Amino acid sequence: MIIMLGTPMNEASAPDWKILGALGTILLFDTIFFKISFSGPWDSESFTLGIIGLSGLSLIYISWYRLNFKMKGLIPWMDNWKNPKKTAKYVILIGIITIFAAWLTGNKIEQLPDPSGLILALIGCLMILNGTYVLLSLGILKEN
């Protein structure tokens, strides 16, 4: 049984990324600036606002993935990268910057919901893990 995790497409039939990016940006702006929310079934407007923010971040990520890889999917496989060794170093650097941003978000920026720092720290750690995996796969874990 073959499971396709991503659907490659040529430039002409690449999936649309603009709508998802715009919608994600609107949701993220709502979370950060406007704070329009409702109590939801959990009776907490701040929790709903966090869900809105996470949804916005997810849509922005999917939009970025579609823009960069010209395919539907969520996981940036090493085969999709043009220069994995160089890109992995950038991913690790951006992961470290994201962890620093998580610290700022959790300690210095009061406009964002409280768990924002934790979510950014998780994203940063996952980026560092992905970049480290790629570097190890090209180095000491490389199959002959």
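The values are calculated or read from the model by the stated rules, or taken from the named source; none is laboratory data. Computed from a predicted model, the values in this text were never measured in an experiment. Methodologically, a virtual Cβ is constructed for each residue, glycine included, from the backbone with ideal geometry; neighbour enumeration extends over all protein chains shown.
Across the stretch 74-92, the number of residues qualifying as loosely packed, with under 14 Cβ neighbours inside 10 Å and closer than 26 Å to residue 31 by Cβ comes to 2.
Answer yes or no: is there a residue in the stretch 103-124 that is closer than 30 Å to residue 14 by Cα and exposed (fewer than 13 other Cβ atoms within 10 Å of the Cβ). The answer is no; no qualifying residue exists. Is the stretch 44-62 home to any residue that is under 30 Å from residue 142 (Cα atoms), in the same structural domain as residue 15 (by TED's automatic domain parsing) and aliphatic (A, V, I, L, M)? Checked against the condition, which is being under 30 Å from residue 142 (Cα atoms), in the same structural domain as residue 15 (by TED's automatic domain parsing) and aliphatic (A, V, I, L, M), the stretch 44-62 yields at least one hit.
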